[in-house]
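Step one of this worksheet: look at the structure below.
Where a number appears in this text, it was derived from the coordinates with a stated rule and is not lab data. These numbers come from a predicted model, not from an experiment. Because the Cβ atoms are built from the backbone with ideal geometry, glycine has one as well, and the counts that use them run over all protein chains shown.
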Amino acid sequence: MSRRASHRDRRSKAGIVIPVVSMGDIAFLLIIFFILCSNFAKKAGKNVEPPVSPQLVGLPKPRLYVAVDADEVLYFQGKPIGSAKEIEAELSQTIDPNDSLDARTVIFECDRNVRKEVFEPILESIAKAGGIIGAVGKEGRRQQP
Amino acid sequence: MTRRSRRSRRRPRGEPEIPTQSFADIAFLLIIYFILAASLSQDLGFRTDIPAGQKATEASDDKSVLLRDDGLFYGERPVSIDELRGTLAGMRLAGRDPNSRVVQFEAKGDVPWQSYYEVLAAIESAGGIPGILMESGDGK
């Protein structure tokens, strides 16, 4: 047996081990980061084009979420709901007037073309239930016709 | 030699280990799930505490905004949305007591959310409190 061949044999016997135990720790830290920093997609799949306006500010994470899509379908916490009165009933059970501003904020996302007779009763319902309206929009200026 | 004793002799004698290699795979699958199911972007908009019920109708008439199909009016005067923003900003509402910060707002006719939103945003950004006059409270 040549010297070179015997050297190769010795190497294969030793085996190469990549330490992967710490990879799990890193991955779980990343998961914790995502859980804390992300908003779950309650609004996924909804056809909502938000209104445009300048001077908007950041809204808190949505704890309570009401939406109206382009077809004027109402949603509460991501699920379709029948009327503004039902939204008021749900919110009245959830909102405590002594809660903080963030806890009382109801994120309201509505398509820009929805008519007043649809969205105005919802605004009224949120106000009556003791909620603070966090109206979602898009930063910018509307192009005048 | 019995069959049992033969099996026990073949077992490795090293320390017992919990196989942890697959943990990383599970964790990375969870990360992919979170990336797909969640968004890191923050919603933009404005927050407003609309006075509910009777209080809304008690707002003073000197600061009233009317939105109709045919345009926007501040008092009796037709204004553009930029003019309204300028007028409200000039009133320095933010420093006043809550009652005198109320700006009465009424929408009439078939008004879309875009126009309504711009007026509410203008009142909020000027430090005002929108006192909304609603036609009916029956809901949808």
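Among B:Val103, B:Val79, the order by Cβ neighbours within 10 angstrom, fewest to most, reads B:Val79, B:Val103. With 30 Å as the limit, the listed pairs A:Lys79/B:Lys63; A:Lys138/B:Lys63; A:Lys61/B:Lys108; A:Lys46/B:Lys63 have A:Lys79/B:Lys63; A:Lys61/B:Lys108; A:Lys46/B:Lys63 beyond it between alpha carbons. The alpha carbon centroids of segment B:62-120 and segment A:84-125 are separated by 21 Å. Exposure proxy ranking for B:Phe73, A:Phe108, based on other Cβ atoms within 10 angstrom of each Cβ and starting from the fewest, stands as B:Phe73, A:Phe108.
Taking amide H as placed 1.01 Å from N in the peptide plane, A:Ile132 has its amide H under 5 Å from the amide H of A:Thr105, A:Val106, each at least 5 places away in sequence or on another chain. Per residue of A:104-111, other chain Cβ atoms within 10 Å of the residue Cβ number 3 on average.
Averaged over the residues of A:81-88, the number of partner chain Cβ atoms lying within 10 Å of the residue Cβ comes to 2.
Highest mean packing first, where packing is the average number of other Cβ atoms within 10 Å per residue, the peptides B:16-27, A:118-129 line up as A:118-129, B:16-27.
Among A:Arg142, B:Arg101, the ranking by other beta carbons within 10 Å of each residue's beta carbon, starting with the fewest, stands as A:Arg142, B:Arg101. The mean number of Cβ atoms from other chains found within 10 Å of a Cβ in peptide A:47-53 is 5, as a whole number.
Among the GluC sites (Glu not before Pro) within segment B:21-128, those in coil by DSSP and having at most 10 neighbouring Cβ atoms inside 10 Å are B:Glu76.
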